[in-house]
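Q: Here you go, one structure.
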Amino acid sequence: MYLPVPGSHNVANSLAAIGVGLRLGLTFENIVQGLKALELTQMRLEIIEVKGITIINDTYNASPSSTKAALEVLKETPAYRKIAVLGNMYELGDFTEQGHKEVGEAAVKAGVEHLITVGDLAKSIAQGGAGAGLAEESIYPCENNSGAIEVLKNVLQNGDTILVKGSRGMRMEEIVHALVGQKLRWNIRGE
């Protein structure tokens, strides 16, 4: 069966949907057709190819578990280098610092070579990445999206794949728009 969305976590979600569909009386053929037509909403694991780079736009929202799942998609995506641009994750309560640090550790496990963080809470993502062994010169804590865009102008190379993810309040799609727009596209090194 073909599943038109990235990520092994979506396989588990689909298996649950199959079980519910069968329980509700749908035929397996109906379920297969429904899954083939599956489309994610915008800004959820959107794969964008633009001028020699691949962008994984997952800027709709973020939590530690959804960010780790997105990092797994990045890990599974072929690339010259893997870059993660990760922003604050809100509404984590007492789990805020630990959740951000775990995401930094997960980024290293996913093979991220450059980790760009955006926001005050995301500094803990940078700390988690450093603690997991990512070299300090490959970690770029930024205060805002403009800072992340400036870092990307200096580090992007042909063949890179970039994951962009953060909580809705971070407006991380601004970074994706800069990557897709002329403003940044012409500055990609290695052309």
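Nothing in this text is a laboratory measurement; each read-out follows from the coordinates by a stated rule. Keep in mind it's a predicted model, so treat the numbers as computed, not measured. Backbone-built Cβ (ideal geometry, glycine too); neighbour counts: all protein chains shown.
Q: Starting from the exponent 0.38 and prefactor 2.2 Å, build the expected Rg for segment 68-191 from its residue count and divide its actual Cα Rg by it.
A: For segment 68-191, the normalised Cα radius of gyration comes out at 0.98.
Q: Calculate the FRET efficiency for Ser63 and Thr27 from the Cβ-Cβ distance with a Förster distance of 30 Å, rounded to the nearest 0.05.
A: Given R0 = 30 Å and the Cβ-Cβ separation, E is 0.30.
Q: Measure out, as a whole number of angstrom, how far apart the alpha-carbon centroids of segment 42-78 and segment 90-124 sit.
A: What the calculation gives is 15 Å, centre to centre.
Q: Step by step: find N for segment 75-134, compute 2.2 N^0.38 Å, then divide the Cα radius of gyration by it. What's the final number?
A: Expressed relative to 2.2 N^0.38 Å, the Cα Rg reads 1.08.
Q: Nearest 5 percent is fine: what portion of the DSSP beta bridges confined to segment 46-185 is antiparallel?
A: The antiparallel proportion sits near 20 percent.
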